[in-house]
1. Rounded, prolate or oblate: which one fits segment 52-120, using the alpha carbon gyration tensor with axes a ≥ b ≥ c (rounded when a/c is under 1.5, else prolate when a/b beats b/c, else oblate)?
2. Shape of segment 139-235 from its Cα gyration tensor (a ≥ b ≥ c, root eigenvalues): rounded if a/c is under 1.5, otherwise prolate when a/b > b/c, or oblate?
3. Amide H of G214 versus every other amide H placed in the peptide plane: which residues, excluding those fewer than 5 positions away on the same chain, fall under 5 Å?
4. Mean shadow of segment 235-377, computed from the convex hull of its alpha carbons, in nm²?
5. What ranking do 163-175, 205-217, 43-55 get when scored by the average of other Cβ atoms within 10 Å per residue, highest first?
6. How much length would be gained if the chain were fully extended between V54 and V337, taking 0.36 nm per residue of separation minus their Cα-Cα distance, in nm to one decimal?
7. Using the Cα gyration tensor of the chain, with a ≥ b ≥ c the square roots of its eigenvalues, what is the shape: rounded (a/c below 1.5), prolate (a/b larger than b/c) or oblate (neither)?
8. To make sure I understand, if each residue's beta carbon is the centre and we count other beta carbons within 10 Å, what order do S255, S117 fall in, fewest to most?
Amino acid sequence: MIRTLGMTLLFLVAIGTALPAAAQIRLVPAYGDASLRGPARAAGVVVWSHGRSVESEDSEAPTPAYLKALGEAGWDVYRLDRMRVSDTLGNSAQALAGHAEALRARGYRRVVLTGQSFGAFISLIAAGRTDAADAVIGTAPAAYGNFTEAYDTYRENARQLWRLLRGVRSARVMLFFFHGDDFDPGGRGDVARAILVERGLHHLVVDQPAALTGHGAANTGLFVRRFAGCIVRFAEAAPRPDDPPCDAAWGRTPSDTFLQAALPGSSRAPALPDPSAGQFLGRWYGAYVNGREVLLNVERVAGNRVEAEYVLGPGIDPDQRFERVRRTGRLEDNRIVFDEPGRNVLRYRLRHDGRLAATWEDRNGPSRLDTVLRRVN
């Protein structure tokens, strides 16, 4: 991620730097040496490039969870870790192109370059310098600052992207643009598609998918649930007309396994509707950005007292197991609040479109998750 870009950094990013890069740019296994299958057994190799920050080393950033899907599909997964002192578009892209060629020479059948933000730019530049890359997957591509802190230059995140897409040699290109990304000048999806069509390159452009917002949206569990399968297919081969939709329906309707686990035991007869609160009764479904399904079953509303069952589906991490708890809360200014002592706080507000705006707040700190629930049978 790029957090702040001053004019000095922007100049260096644009023209490169003479600082030696070999010691500061390293190709390392994303999940340790034991995870690697080697060229003969792996489906291919993918190299992920992180973003760039001014005040911290993004080489310490965790590998995005969607890359685990590639590992599980038989791919060897690497990271290109870069120290800030030599991390310019020119230096890092040249190193990445060299690594792509070396991996191909080792015998890997497929070589895919992926990257976030600055790393997406690096991946595209590398694909313009070598034919060794079969595909590039870029999320929230940016290298020239954001609207808030680099207004005079952040539009280059569009103009320079067009230039890079026109320079890709032969790799197929998959790009993700997110709503509310402060580094995105807007309108990049349609232009990117047009350039890639003109170039005759196989491509997929996912422009502002629902419920995924901000520069780091690709780091979320919801992104994994929705797009990991599509990313694996794209890495393996060019898109085909009979492929499933890229944007999976996960989180829009309850999955079968979640429903089977959630509904038993949720059979209390609801109270007769209270004129002021009956609108809350029933089952409400949605998904958090961390990749967990959620069901709120409001069973009884009597006066200001609310009784409900709160159900969480398993997350993308092994320690995030299925959970079901009973909650007792209250009506407060036409909202429901569950804040029993020692428990996480849940808040719900009925929206004008008939859905529930939902907020989960950690009882021990500032952590918060927001989502929107819709009524289900």
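1. Oblate, since a/c reaches 1.5 and b/c is not below a/b.
2. oblate
3. H179, G180, D181
4. Orientation-averaged projected area of the Cα hull: 11.3 nm².
5. Result, highest mean first: 43-55, 163-175, 205-217.
6. Roughly 97.8 nm would be gained on extension.
7. Prolate.
8. Least to most surrounded, the residues fall as S255, S117.
Any read-out appearing in this document is the output of simple, stated calculations on the displayed coordinates, not a laboratory observation. Predicted, not measured: the structure shown is a model, and the values here were computed from it. All Cβ positions, glycine included, derive from the backbone under ideal geometry; neighbour counts span all protein chains shown.
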